[in-house]
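Quick notes on the structure that follows.
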Amino acid sequence: MRRALPGHARLARRRGAVTVMFASGLVPIMMLVGLAVDFDWVLQAKAELDLAADSAAFAGAREAGADYAAGKTGYVAKGEQAALDWWNAQVGILTNASNATATETISQSGNTFTVTVAYTANVPLVLGQLFNWSRAAGAQIANTSKATITINQFGTVDFLIDNTASMMLAATASAEASLEAKILTWLAVPGNAASVPDGIGTSIPQCDFACHWKATSSGTNQTDYFALTRTTSGAAAITLRWDVVQTATTAGIQEMVSLETVLNQLSVGVFTFGGVNMASSSYLQTVYSETTIDNGGSGKGAAAAIASLSTITPTVGIDTQIDTNFGSAFNDIAALLPDSGDGSTSASPKRALILVTDGMEDDTWPQAIPTTEGPINPAVCQVMKNKGYTVFVLYTTYASDSISLPGNNVQLAPYINGTASPGLVSSLTSCASSPSDFVQASSPTDIQNAMTTLVGQAISSATRLSN
């Protein structure tokens, strides 16, 4: 017969059993905790190393691309060294990994550079040595990162600006009303109306589409309508569409400056086609010959292009028989400028032409649709597309369809308001390389915003990072 143990002995035995059970359960608990700690440790180390590899690859691609764009030699080796330097700088501050090494290689296709950074590293473990997936020294991790960068293409943007009389229209409806009142007041002065060139030999004062004419002879009452817009200032000043176009073109050139990323990347040219150059019989006028906007890093090229805008003389006179001839303008500029390149080097820039116009043809040549007075014939734009240019069109709409002054070309109104076919919008859209390359704007703010948008589209750039 077994004798019962005293109470304190039974309690001790129970405590011993609990201790054994706790000790037995502690091992798997410690294993799970260790696994969790080490797993998190490895994940954190890998995330840090991946980020270091990503940034190193991008740094290498950026360095190689910049040196290539600048015409330097050894850009591949320099890019690989830049990637390695960036990698070493990053992994030097990491605490979760050791023995981190990487190899950097660069491949080039045209103006696109791809940098591959392949790394390996060791992550010391706390309790992970209990598991077979780790080596005694720690967990081994490896990964590959790639950065692909296409440097901003070398590009040339040429502005082809309509500076014919119809672009001298007042910029807003209120400005138009002020201009009309000023002209009618001036015409009411005895002798003034008789001094206005009527164009058809009558006593009725004639007015071209913008209601401007240019005096050609001297006399007490000789003043032209364009000059009347410059006789007031401050709140009474009359802003013309031409003023807005000049401001918008300035904004476009400044946008080019902000988008340039390497020296001598972008060039600009400014041309107009208002009137015939009698010396050359050309409708095209070179306002600013193509020049890099930085001009050696000083920005003088852009400043000079902007300054040249103020030198453009508006063609505002029906008496001088100055017409709007799109066909001649496109043929002339096509003969003047070279073909577009692929944008890979400064010697082979990608080219774009931005046409700024109200789109109305009025000349003695059969270039318009349906007659010599009507919307632009989009077929004339093809000559620049054939040279590889992307043609953009900024259509400056009219604040109103007609002005009540005698002699206004009211027969053009149906094309402007869209009741005649083909209309201005459809014709100008077809002139552009694609519908997305056409913008229609009326207010001064909208015209300026449209110009900077088109410049941004004209200058193509793409940068991407991929793991």
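Among Asp243, Asp362, Asp339, the order by Cβ neighbours within 10 angstrom, fewest to most, reads Asp339, Asp243, Asp362.
For the pair Ser98 and Gln81, label points projected 7 Å from Cα toward Cβ lie 3.1 nm apart. Summing charges over neighbours of Trp87, with a neighbour being any other residue whose Cβ is under 11 Å away from its Cβ, gives -4 when K and R count +1 and D and E count -1.
Each of Ala177 and Thr73 was given a label point 7 Å from its Cα along the Cα-to-Cβ line. The distance between the two points is 7.1 nm.
From least to most packed, judged by other beta carbons within 10 angstrom and beginning with the fewest, Trp186, Trp86 follow the order Trp186, Trp86.
Below 15 angstrom from the Cβ of Ile447, what's the summed charge of the other residues (Lys, Arg +1; Asp, Glu -1)?
Numbers: positive: Arg241; negative: Asp162, Asp243, Glu255, Asp358, Asp446.
Spelling it out: positives minus negatives among the neighbours equals -4.
Across the stretch 148-189, the residues whose backbone nitrogen lies under 20 Å from the label position 7 Å along the beta-carbon direction of Ser434 are 150-158. Give me the number: length gained by fully extending Asp446 to Leu228, i.e. 0.36 nm times residue separation minus the C-alpha to C-alpha distance, one decimal in nm. Extra length available between Asp446 and Leu228 comes to 75.9 nm. Fewest-first ordering of Arg62, Arg230 by other beta carbons within 10 Å of each residue's beta carbon gives Arg230, Arg62.
Backbone phi angles across the stretch 160-171, fed through the Karplus curve with coefficients 6.51, -1.76 and 1.60 (θ = phi - 60°), yield HN-Hα couplings of 10, 10, 6, 10, 7, 4, 5, 7, 8, 4, 4, 6 Hz in residue order; Gly and Pro are listed as x.
FYI, it's all coordinate maths here, none of it is from the lab. No experiment lies behind these values; they were computed from the predicted model shown. So basically every Cβ, Gly included, is an ideal-geometry build from the backbone, and we count neighbours across all protein chains shown.
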